[in-house]
Amino acid sequence: MDHTFKAIAELDLEPIKVKLMDRESGHGWTLARANAVELEYRRFLCIMKKYPHEPAIPLQDVDQFWHFHILDTMKYAADCEAVFGYFLHHFPYIGMRGDADRAAHRQMAERTSELYAATFQDDYVHSSARAALAATPAPAWCGVVEPDTAAARCGVVEPDTAAAWCGVSPGERAPQPDALPPAFFADRPHLPRPAQ
């Protein structure tokens, strides 16, 4: 394995996935969705590591995974040190501060797509669509995230619409961590076990 990616491959992201799957304090993701987005998050970190001076824009679900990683401040700081040798900051406001900023966001997204293709010989958007489709029983491509909400910042199909590339079908609920089989926790002693 390339040394650049070894530290990223060794990150323990199970606690982040468990949190994202929680209905109360997470997003209620399915395990399949959490696993698919974890892969894309690792790939995003690889891009950030390989191209440290290039602006990179994560897809919506990857951005949510990143946010939940950051919320575990001690783990995130230690993981950043292990991977990058410094704390990787996140500026979540790009594309929200007017027309010029939205144009910059689009350019950064295009550049991220180029870097992704060069690194993984895969298309960034198609990769995220596969992750969404693998993780949800209903089609997610161009699906409405929630009625009467704004479109996602990353992966917007059309500006000012409620359509987005990655989303959970309305009404879909993920299994709670307490519904996971005991084997899931067998080799993960650091994770809290569900109440019996």
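Where a number appears in this text, it was derived from the coordinates with a stated rule and is not lab data. If you're wondering where the values come from, they're calculated on a predicted model, not measured in any experiment. As a convention, Cβ positions derive from the backbone with ideal geometry for all residues, glycine included, and neighbour counts pool all protein chains shown.
Below, the figures for the structure above:
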quantity	calculated
Spatially proximal lysines relative to Lys17 (Cα-Cα < 24 Å; intrachain offsets below 8 disregarded)	Lys6, Lys49, Lys75
Exposure proxy order (Cβ contacts within 10 Å, fewest to most) of Val83, Val62	Val83, Val62
Computed log₁₀ I(q)/I(0) - Debye formula, equal Cα scatterers, no solvent, region 1-81, q 0.13 Å⁻¹	-0.39
Extension gain from Leu39 to Phe87, taking 0.36 nm per residue of separation minus the Cα-Cα distance	15.2 nm
Order of Met21, Met96, Met74 - criterion: other Cβ atoms within 10 Å of each residue's Cβ, fewest first	Met74, Met96, Met21
Linear extension gain, Gln107 paired with Thr119, 0.36 nm per residue minus alpha-carbon span	2.5 nm
